[in-house]
Amino acid sequence: MTGVRLVRLPDVEPASIIALMNDPDVRRHLPLAKGVFTAEDCARFVAAKERMWRDHGYGPWALVQDGEFIGWGGIQPEGDDADLGLVLRPSNWGVGRSLYRRFLSFAFDELQLESVIAMLPRTRTREGGLTRLGFVPDGEAEIGGERFARFRLHRAGWTMSSVTETLD
């Protein structure tokens with residue numbers, strides 16, 4: 001198995017994004033996703049994520065492994081914060097930890113951010129992966145009428161030696 005390549009979302013076939021976003025196992029962890037994710041939704045989604053790159057200099061990537069789209073994620077603006085997000089096909093959930101490290105390296109080493117947040121919906125009851133990366137509870141947030149547990153990692157809590165991969 002080769003590493004995961006980070007590419008921009010417009011470089012991925014929309015049908016692959018639509019399939020991911022309509023997967024029932026993925027959707028149960030996306031409380032803001034309502035109804036069927038259509039081609040029009042996909043076009044708006046990709047355009048919004050690309051606007052983040054244009055306006056802030058960062059945003060989520062498409063994740064490609066062995067030539068296949070496996071999900072999307074990265075650092076994206078959330079209000080005055082930078083949010084760590086990751087959405088993977090269920091068959092690829094095991095690669096999350098190394099991707100989180102890559103994203104955090106980008107946030108702290110490249111973007112020089114002071115902190116990063118991660119928000120877990122109520123469907124995510126295990127936060128061990130975040131705490132192992134150094135995140136600490138930081139209250140709750142409400143977005144679109146949904147409640148999320150918010151965690152924060154400060155630059156001082158980030159250990160560069162924990163990075164096992166570099167960005168492509």
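The values are calculated or read from the model by the stated rules, or taken from the named source; none is laboratory data. None of these values were measured; they are calculated from a predicted model. Glycine gets a Cβ as well: all are built from the backbone with ideal geometry, and neighbour counts include every protein chain shown. The accessibility values were calculated without ligands, DNA or RNA, using every heavy atom of the protein model including side chains. Shrake-Rupley method; radii C 1.70, N 1.55, O 1.52, S 1.80 Å.
Residue count for the stretch 58-80, restricted to those that are part of a loop (DSSP other than H, G, I, E, B) and at pLDDT 95 or above: 2. Between G67, G74, G94, the distinction of being surrounded by 13 or more Cβ atoms within 10 Å (Cβ to Cβ) and within 20 Å of L20 (Cβ to Cβ) belongs to G74 only. Here L99, L120, L32 are screened, and the one residue that is in a loop (DSSP other than H, G, I, E, B), under 26 Å from V136 (Cα atoms) and hydrophobic (A, V, I, L, M, F, W, C) is L32. For the stretch 82-90, the criterion of being exposed (fewer than 12 other Cβ atoms within 10 Å of the Cβ), under 19 Å from I143 (Cα atoms) and in contact (Cβ under 8 Å) with a residue 24 or more places away in the chain is satisfied by no residue at all. Of all residues in the stretch 90-103, those satisfying the criterion of being at pLDDT below 95 and of a type outside the set (S, T, N, Q) are P90, W93, G94, V95, G96, R97, L99, Y100, R101, R102.
Does R54 satisfy the condition of being in a strand (DSSP E or B), out of contact with any helix residue (DSSP H, G or I) (no Cβ under 6 Å at 6 or more places or on another chain), open to solvent by 40 Å² or more (accessible area, probe 1.4 Å) and farther than 26 Å from G145 by Cα? The answer is no for R54.
Applying the condition of being within 12 Å of G71 (Cβ to Cβ) and of a type in the set (A, V, I, L, M, F, W, C) to the stretch 8-29 and asking which residue is surrounded by the fewest Cβ atoms within 10 Å (Cβ to Cβ) yields A19. Within the stretch 38-53, residues that are touching a residue at least 12 places away in the same chain (Cβ under 8 Å) and among the aliphatic types (A, V, I, L, M) sit with their Cβ atoms under 6 Å from residues that are assigned to a helix (DSSP H, G or I) and open to solvent by less than 40 Å² (accessible area, probe 1.4 Å), at 6+ positions apart or across chains, in these pairs: V46/L9.
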